[in-house]
1. When residues of the stretch 102-129 are filtered for being open to solvent by 30 Å² or more (accessible area, probe 1.4 Å), more than 16 Å from the ligand (Cβ to nearest atom) and in a loop (DSSP other than H, G, I, E, B), how many remain?
2. Would you point out the residue of the stretch 148-169, among those that are more than 10 Å from the ligand (Cβ to nearest atom) and part of a helix (DSSP H, G or I), that is nearest to the chain's Cα centre (by Cα)?
3. Six or more apart or on different chains, Cβ under 6 Å: which pairs go from a residue in the stretch 75-92 that's within 14 Å of Arg111 (Cβ to Cβ) to one that's assigned to a helix (DSSP H, G or I)? Could you list them?
4. Does any residue of the stretch 207-226 turn out to be open to solvent by 10 Å² or more (accessible area, probe 1.4 Å), assigned to a helix (DSSP H, G or I), within 16 Å of the ligand (Cβ to nearest atom) and of a type in the set (Phe, Trp, Tyr)?
5. In the stretch 79-96, what residues are of a type in the set (A, V, I, L, M, F, W, C) and within 27 Å of Gly171 (Cα to Cα)?
6. Of the conditions (1) open to solvent by less than 50 Å² (accessible area, probe 1.4 Å); (2) more than 14 Å from the chain's Cα centre (by Cα); (3) within 21 Å of Glu165 (Cβ to Cβ), Asn13 fails just one. Which one is it?
7. Go through the residues of the stretch 233-250 one by one and say whether even a single one is within 19 Å of Gly94 (Cβ to Cβ) and not in a helix (DSSP H, G or I).
8. Any idea which of (1) open to solvent by 10 Å² or more (accessible area, probe 1.4 Å); (2) in contact with a strand residue (DSSP E or B) (Cβ under 6 Å, 6 or more places away or on another chain); (3) within 16 Å of the ligand (Cβ to nearest atom) is the one Arg99 doesn't satisfy?
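The values are calculated or read from the model by the stated rules, or taken from the named source; none is laboratory data. These numbers come from a predicted model, not from an experiment. Please note: Cβ atoms are built from the backbone with ideal geometry, for glycine as well, and neighbour counts cover all protein chains shown. When the accessible area is computed, the model is the full protein with side chains, heavy atoms only, and any ligands, DNA or RNA have been set aside. Shrake-Rupley method; radii C 1.70, N 1.55, O 1.52, S 1.80 Å.
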Amino acid sequence: MSKRLIIGNWKMNPPTLAEAKRIIRSTRTVAAILEHTDVVACPPYTYISSCISKKSHIVSIGSQAVSIHGGGAHTGEVSAGMLNDMGVQYVILGHSEQRAAGETDEIISKRIIATLEAGMIAVVCVGEKVRDEQGAYLDILKDQIKHTFAGVPSKYAKNVVIAYEPVWAIGAQEAMIPEQVYETSLFVKKVFSDIFSQESAMKVKVLYGGSVNFRNAGDIIRVGKVDGLLVGRESVNIPGFKELLKAVDVVVL
Ligand code: PGA
């Protein structure tokens, strides 16, 4: 069985470098004793160099953003090559908070390609904004996935992780129920299979994200049968994340 993948999306947290160092240290301490779980932490750009160390094999480091450009006159941008050179191994792309700020499927696709060409893993977020009784959200989800991956060469499919994050469950009180996680993640895999190949779809990791915490994480893995989790708030809550990682690691499928 391949290992579960837990990715912490720190978003624009914590407010100080000292706190960031505390979070990464505690995450490493727990990750070091896990048997079936790989852990990735995605701090804001400014903390990345302090979070990367010789111990990055215990907790891999990811970025929350990347430029579509390779370098040059692009004020405020950071290239995939620069991130990779620092030891960053993952990049979160297409997050709904970026999409809401105007990021289009076309731009996301360019960022995915830049990430993959630099040799990193692209963690691509997809998810419907709302659910309806008639199932129209499935078509919306399908179109979003197709457009997001448009132009991504199939040779790179093996370096893609999909994070299924229903927008209505992000930053909410409750996560999606595990039975729905199971059904929708299967649907996401099917669409991935149609875009790339059945073989790629069998290998791709599909994570769930949206209000995951230490209480619901185990059930989402057990009943939702996803390959891992993308965790926001709980990933910067030291005691909560510690319990979450332990709860996921002991799930036997
Ligand atoms: P949340 O965020 O866990 O705080 O809901 C998840 C995400 O946005 O990736």
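1. 3
2. Asn159
3. Qualifying pairs under 6 Å: Ala80/Ala114; Ala80/Thr115; Val91/Thr115.
4. no
5. First, the residues of the stretch 79-96 that are of a type in the set (A, V, I, L, M, F, W, C): 80, 82-83, 86, 88, 91-93.
Passing the criteria: Val88, Val91, Ile92, Leu93.
6. (1)
7. Here is the first cut: in the stretch 233-250, the ones within 19 Å of Gly94 (Cβ to Cβ) are 235.
With the extra rule that they be not in a helix (DSSP H, G or I), the set shrinks to none.
No: the stretch 233-250 contains no residue that is within 19 Å of Gly94 (Cβ to Cβ) and not in a helix (DSSP H, G or I).
8. (2)
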